[in-house]
1. Treat each spin label as a single point 7 Å out from the Cα along the C-beta direction, and report the Arg194 to Asp130 distance in nm.
2. If you take the beta carbon distance between Arg140 and Ala207 as r and set R0 to 22 Å, what does 1/(1 + (r/R0)^6) give as a FRET efficiency, to the nearest 0.05?
3. Taking 0.36 nm per residue of separation and subtracting the Cα-Cα distance, what length does fully extending Ser152 through Thr37 add?
4. Where Lys and Arg each count +1 and Asp and Glu each count -1, what net charge lies around Arg105 among other residues with Cβ under 15 Å from its Cβ?
5. Give me the number: length gained by fully extending Arg60 to Arg163, i.e. 0.36 nm times residue separation minus the C-alpha to C-alpha distance, one decimal in nm.
6. Assuming 0.36 nm per residue, please report the length gained on full extension of the stretch Trp76 to Ser101 beyond their Cα-Cα distance.
7. Mind ranking 121-130, 177-186, 137-146 by how tightly packed they are, going by the mean number of other C-beta atoms within 10 angstrom, highest first?
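Please treat every number below as a calculation from the coordinates, not as lab data. The shown structure was predicted, so the numbers you read here are calculated from the model rather than taken from an experiment. Positions of Cβ are backbone-derived with ideal geometry, glycine not excepted, and every protein chain shown enters the neighbour counts.
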Amino acid sequence: MASFLAATVQTQDAIANGDTRSLSFYHTHTRETATITYRRDGRYDDRALEQLNWLLRDWRVERPAKMDPRLFDILWEIYREAGSNEPIHVISAYRSPATNSMLRRRSSGVSDQSQHMLGKAMDIRLPDVDTARLRAIAMRMQYGGVGYYPSSQFVHVDTGSVRAWPRMSQDQLVRLFPDGKTLHLPPSGKPLPRYEEARAEILPRNAALAAQASAGGGSSGNILTALFGRKASPAAQAPQPPETQVASALPEALGATLAPVPVPPRRPQELALPEQPKAPAAPAVAAFALATAQPEAILGYNVEAAVEALFDPRASAANVGFSQALQTDLNSASFSGPAVKPLSLIRQAQLDL
C-alpha cells in the first residue's frame, strides 16, 4: 500500500509540476524519424499517442496498433538514466499476428504470445550506449520484461510482468542489486534475500502505473477505482479510454490525424502520382512512374504506304531532304535524301509551285 501511495503522489506531483516528456525515434526499417511530445502538463497527449501508434506500426503490413502509453514512460526513464544524446533506434514495435507467425517460422526466439502483438513491447538500441549497460538499466527499473540480444545489439523492453532473458547469474544479479531487493531470478530459480520485500513494493507500484496509463495520465481517483473498485469524487473522475487493443484502421483513415509527423513518403508502390505536377517528381516517384507508365501504342509499319509517300509529288515538294537542284545535277554530293532514284515528277512538281 505504501508503494501504491508513493506512485500516486508521484503522479500528482507530475501533474502539478507540469511534467512534459518528449521522445525522439529513428525506425531502422522505415527510416522514419520523429520527435514527439507525448506528455503535456503531466497527462498523455492523445494526438501525440496517435502519431506514435503510426510511427511504431507493423511496417510489413502497414497497420498500427494502440500502443501502451506506459511503454513510453519506461523508455523515457531509461533514456534519461542512460544519458543518451541519440534518437532511440526502433528495431521492432507492434507486430500483427501474421507478422509474428512469420517471424516464429524463422526463429525459435519469437514467442507465440509476444507482447509485441499487444502493443506493449519495443526492441530498441541506443547507438551511444553499450547494449549490456542498456540491459542493466532496464532490469534495475523492474517495470516489465527485458530481453538481451548482444549479437544483434538491441534490448527488448515491455510492460508485462517483471522478468528477464537470458537470466543473469547469481553473481551478476548481486552486483546489479547489492541490496538483494529484486524480482529477477537467477538460472537456479533461487531468489535473492529481499525477494518478498520486492514483491510487496514493486507489484503494487507497477499496478498503480498501469492504472495511471489507462486513466490517460492519472488522477488519484482513477487509480483507486482501477485498483480497488472505489468510486472517486466527480471532480477527480476523468473519462477513461478503452483498454489497449490492436487497431484495425487502415493508414488512409489516419491521414488527417498524422499529418504533423515528420515521416518520409510511403514506399513507391503505394504512391499516387498527381495528374499535372507543378514540380519535378521526387526520385522515388519518378522511378515509380517509369516502372508503371503504360507505353503508347505503336502503329504497324505500312511498307506500301511508305513507298507511295516517296513518290507522292506533295511529299517531294516539301523539304524532306532532296536538294533543290535539277535532276541532272543530282549526285552523291548534292543528294541528301533516301537512296531512291528521283523521277521526273519531282521537277514538274517544283515548276507547278
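1. 2.5
2. 0.70
3. Between Ser152 and Thr37, full extension yields an extra 38.5 nm.
4. So the environment of Arg105 carries a net charge of +3.
5. Using 0.36 nm per residue and subtracting the Cα-Cα distance, I get 34.2 nm.
6. 6.0 nm
7. Answer by packing, highest mean first, reads 137-146, 121-130, 177-186.
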